[in-house]
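K.L.:
I am attaching a structure below and will ask some questions about it afterwards.
Laboratory data are not the source of any read-out in this text; all were calculated from the coordinates shown. Bear in mind the structure is a predicted one, so any value in this text is a computation, not a measurement. Note that each Cβ is placed from the backbone with ideal geometry, even for glycine, and that neighbours are counted across all protein chains shown.
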Amino acid sequence: MEKRISGHTGLMGLFGTPVGHSGSPAMYNFSFQHDGLDYAYLAFDVTEEQMPKTFEAIKLFNMRGGNFTMPCKNIAAKLVDKLSPAAEIIGACNVFVNDDGVITGHITDGIGFVKNLEINGAPVKDKKTVVLGAGGAATAIQVQLALDGAKEVKIFNIDDKFYERAESTKAKLTEKCPDCVVTVDHLEDAEKLAQAVKECDILINATTMGMKPYEDVTLVDKSLFHKDLVVADTVYNPEKTKMIVEAEEAGCKAIGGVGMLQQQGAVNYELFVGKEMPLAEYQEFQK
Ligand code: NAD
C-alpha cells in the first residue's frame, strides 16, 4: 500500500448508506493495482441530505469517478451536470464520471444485464422480451432493452406499488423509443402471461422471487418454456434459481444473475478508466 498510494493518487468512491458491506472497494482497488493505475477507491457513508455537500467534495477533490447506491441514486441524478440516455429516462444514476469538472451520471444495471446476455449469445436487438418486475433492476433493464433495439418489452408486475412505475416506464419509453412496443399487464393475469411467454424470445425475472428466502418460488410455469426461449434471471443468490434450473431442464438457454453483477462492474470500470476490467484475474484472486 505504501508503494501504491502517493501524493498524486486520484480518489474514487462509493456514496450511500449503508456501504460497509460493499465489495466495490476491493474489486476496483484490485483492478487499479493490477492495471498499474494510480487511483484509490473508498466507500463513504452518506445520506440523501448530505448529497449536495458530497457533490461539492467530489468537485473539490477532483474525484475521477465513483458510484452511488441506495438511497442516493435519485438525488444524484438531480445533482450531476449531464445524464446518460438511460439515466435521464430513469431519473437515477449509480455511476458518475468527472471529465475536467463536468460530472456525467450513468445507470449501468441495465447495460451490465444486456452485456451479459450478449456474452452468453443472446443479443437483444429485434427481440421480443418479457420482463417480470418493475422495481429498480427491472426498470433499468426495460429501458436498456428499448435503447438497444428490442422489438417488444412486455412488463408484468403484481398489483403493488411498483405497478405504477411500470406504467410510467411505458409512457417514457413510448415517447423516447417509439420503435419498441412496451406493454404493462398484471402478473396475476395467467392467460396473458402464458401467451406473452409463448410468443417471446427472452424471458427475464427481475423480481425478488427466486431469491433467498423465496428460492422455491417461480413466477412462470415450466410447461411454458420452449426450446428457442432464452430465460434470464437477475437473482444471483442462489446462483442458479429454480427458474434457471427448470429452463435448463427444458433445453432453453438459461442465464443467471451473477454475470449481470460482474458485467456491471466491468462497464463501470471502463467508464472510469477506459479499460477492460481484469475480471478473470479478480475472480481468481477471490478464490
Ligand atoms: P425492488 O424492491 O426495486 O423491486 C422488487 C420487484 O419484485 C417489484 O417489481 C415487485 O413488484 C416484485 N415482487 C415483490 N414481491 C413479489 C411477489 N410476491 N411476486 C411477484 N413479484 C414480486 O428490487 P430490485 O432492487 O429491483 O431487485 C430485484 C431483483 O433484482 C432482486 O432479486 C435482486 O437481487 C436483483 N438484482 C440483481 C442485480 C445483479 O447485478 N444481478 C442487481 C440489482 C438487483
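K.L.:
How much of the DSSP beta bridge set in the chain is antiparallel, as a percent to the nearest 5?
P.N.:
20 percent
K.L.:
For the stretch 50-162, how many pairs of lysine residues have a Cα-Cα distance under 26 Å, where the two are 8 or more positions apart or belong to different chains?
P.N.:
24
K.L.:
Can you give me the relative contact order of the chain as a percent, contacts being Cα pairs under 8 Å and 6 or more apart?
P.N.:
Relative contact order of the chain: 14 percent.
K.L.:
How big is the stretch 237-285 on each of its three principal axes, counting only the C-alpha atoms and giving the largest first in Å?
P.N.:
Principal axes ranked by extent give 41, 22, 17 Å for the Cα atoms.
K.L.:
So for the stretch 51-116, what percent of the C-alpha to C-alpha distances run longer than 19 Å?
P.N.:
Result for the distance tail: 25 percent.
K.L.:
Using only Cα atoms, tell me the angle between helix 190-199 and the longest principal axis of the chain; keep it within 0 to 90° and round to the nearest 10.
P.N.:
80 degrees
K.L.:
Sticking with the crude label model, points 7 Å out along Cα→Cβ, report the distance from LYS53 to SER6 in nm, one decimal please.
P.N.:
Spacing of the two 7 Å Cα→Cβ label points: 3.3 nm.
K.L.:
What is the helix-to-structure angle for 24-35, meaning the angle in degrees between its Cα long axis and the longest Cα principal axis of the chain, kept from 0 to 90 and rounded to the nearest 10?
P.N.:
Between helix and principal axis, roughly 70 degrees.
K.L.:
Can I get the semi-axes of the chain's equivalent ellipsoid? Compute them from the C-alpha gyration tensor as square roots of 5 times the eigenvalues, in angstrom, largest first.
P.N.:
One finds semi-axes of 34, 21, 16 Å for the chain.
K.L.:
Based on the Cβ-Cβ distance from GLU276 to MET70, what FRET efficiency comes out when R0 is 30 Å, to the nearest 0.05?
P.N.:
That gives a FRET efficiency of 0.60.
K.L.:
While we're here: Using all alpha carbons of the stretch 155-201, what is the percent of pairwise distances in each 10 Å bin, ordered from the shortest bin to the longest?
P.N.:
27, 47, 26
K.L.:
Could you give the radius of gyration (one decimal) and Dmax (whole number) of the Cα atoms in the stretch 179-281, in Å?
P.N.:
15.7, 48
K.L.:
Could you tell me how far the Cα centroid of the stretch 84-155 sits from the Cα centroid of the stretch 232-263, in Å?
P.N.:
First find each Cα centre; the distance between them is then 18 Å.
K.L.:
Please list, or write none, the lysines whose alpha carbon is within less than 20 Å of the alpha carbon of LYS287, excluding same-chain residues fewer than 8 places away.
P.N.:
Here the lysines satisfying the reach criterion relative to LYS287 are LYS240.
K.L.:
Also, quick follow-up: Quick one: helix 258-273 against the long Cα principal axis of the chain, what's the angle to the nearest 10°, folded into 0 to 90?
P.N.:
On a 0 to 90 degree scale, this one is about 40.
K.L.:
Here's another thing I want to ask about it. Within 10 Å of each candidate Cβ there may be at most 12 other Cβ atoms; applying that plus a DSSP loop requirement, which trypsin sites (Lys or Arg not before Pro) in the stretch 92-146 survive?
P.N.:
LYS125
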